[in-house]
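Novice: Below are the structure tokens for one structure; questions will follow.
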């Protein structure tokens, strides 16, 4: 997991929604998204990688106009009765800006009163005049991949036996998790520390390394964002999915990421090779022969749908941001 808030100007990528799996009940849109986690099949490989996106959210517990003074957000007319305190070392809720120039920005809630919340980040620049905000429960890894009898992937007595899950932590490093079966069952880190409360941020993607032969279908239901979504891309690694359950290709990243004359000088994008189930490195080459290339400088497949997820290795200490609009 990683914190998902850094404030600066952003490029907006507009997307159409020809095959969004949602229906408008009123407002907001409630939809579903089905992803296939591929098994090894008859390939003889030890594991096969698949991304599982987190681009639907839980229903807000509160929505209203808000202003900010530093990290303190005052919500007009609010009477907060839901427990918003962190749980098991993880934040339980986040604040999302719905309108204004900060639409799509979010920050973890660290404390609250009946009418205010304290956020991990200073949002006052975007809430100097009232803007609409929502308080939304975090999605846990267990919400997506299950737990106990409802576990979707294969657990095991150790990380070496079970299907592995990878998420990027707040330092920009990939961390491995698995579901331990038997005594002390539950979600664990690779070193067997408890990860029961592990959360997955909006617009983040879960990388699953499936060790079993069979495919798994993962269906998520929830609220489809009805404002811009922002995925902040910081230095080192970032696990990202499309902000909406719609198609997305490498071309959507061309003006967001930094290119270079070689793979070692450009931002790298790691995508799953659908044939091998391994991660391929691609980058945007600048200068002569400009375009998306593989690490071996062959032309990359720019038509591949990467909406379920990809990993970006950002070279610069200056963040980039992928801002998406949904047209409906």
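Novice: Out of segment 215-248, which residues are in a loop (DSSP other than H, G, I, E, B), over 26 Å from residue 173 (Cβ atoms) and modelled with pLDDT of 95 or more? Quick ask: steps written out before the conclusion?
Specialist: So the first thing to find is which residues in segment 215-248 are in a loop (DSSP other than H, G, I, E, B), and the list is 215, 225-228, 234-235, 241-248.
Filter again for over 26 Å from residue 173 (Cβ atoms), leaving 215, 225-228, 244-247.
215, the sole residue that qualifies.
Novice: Look at segment 253-300 and say how many of its residues are touching a residue at least 40 places away in the same chain (Cβ under 8 Å), part of a loop (DSSP other than H, G, I, E, B) and either farther than 20 Å from residue 38 by Cα or in contact with a strand residue (DSSP E or B) (Cβ under 6 Å, 6 or more places away or on another chain) (or both).
Specialist: Count: 9.
Novice: How many of the residues in segment 44-66 are surrounded by 14 or more Cβ atoms within 10 Å (Cβ to Cβ), closer than 19 Å to residue 213 by Cβ and more than 16 Å from the chain's Cα centre (by Cα)?
Specialist: 4
Novice: Quick one: is residue 150 surrounded by fewer than 21 Cβ atoms within 10 Å (Cβ to Cβ), modelled with pLDDT of 95 or more, closer than 24 Å to residue 309 by Cα and out of contact with any strand residue (DSSP E or B) (no Cβ under 9 Å at 6 or more places or on another chain)? It would help to see each step written out before you state the result.
Specialist: On the way: surrounded by fewer than 21 Cβ atoms within 10 Å (Cβ to Cβ): yes; modelled with pLDDT of 95 or more: yes; closer than 24 Å to residue 309 by Cα: yes; out of contact with any strand residue (DSSP E or B) (no Cβ under 9 Å at 6 or more places or on another chain): yes.
Yes: the conditions hold for residue 150.
Novice: Here is a follow-up. Residue 144 fails exactly one of the following numbered conditions: (1) closer than 22 Å to residue 231 by Cα; (2) modelled with pLDDT of 95 or more; (3) not assigned by TED's automatic domain parsing to the domain that holds residue 189. What is the number of that condition?
Specialist: The one condition residue 144 does not meet is (3).
Novice: Here's a follow-up. Which of (1) over 15 Å from residue 152 (Cβ atoms); (2) surrounded by 16 or more Cβ atoms within 10 Å (Cβ to Cβ) is the odd one out, the single condition residue 226 does not satisfy?
Specialist: Every listed condition holds for residue 226 apart from (2).
Novice: Can I ask one more? Taking the condition under 17 Å from the mean Cα position of the chain (by Cα) and either buried (at least 22 other Cβ atoms within 10 Å of the Cβ) or over 24 Å from residue 241 (Cβ atoms) (or both), does residue 130 pass?
Specialist: So residue 130 fails the test.
Novice: Ok, one more. Can you find, within segment 305-324, the residue that is farthest from the chain's Cα centre (by Cα) among those that are assigned to a loop (DSSP other than H, G, I, E, B) and either crowded, with 18+ Cβ neighbours inside 10 Å or not assigned by TED's automatic domain parsing to the domain that holds residue 261 (or both)?
Specialist: Restricting attention to segment 305-324, the residues satisfying the condition of being assigned to a loop (DSSP other than H, G, I, E, B) are 305-309, 315-319.
Imposing the further condition that a residue be either crowded, with 18+ Cβ neighbours inside 10 Å or not assigned by TED's automatic domain parsing to the domain that holds residue 261 (or both) reduces the set to 306-309.
Details: 306: 13, 307: 11, 308: 10, 309: 8 Å.
The residue in question is 306.
The values are calculated or read from the model by the stated rules, or taken from the named source; none is laboratory data. Note that the structure is predicted; figures quoted are calculated from it, not measured. Neighbour counts are summed over all protein chains in view; Cβ atoms, including those assigned to glycine, are modelled from backbone coordinates with ideal geometry.
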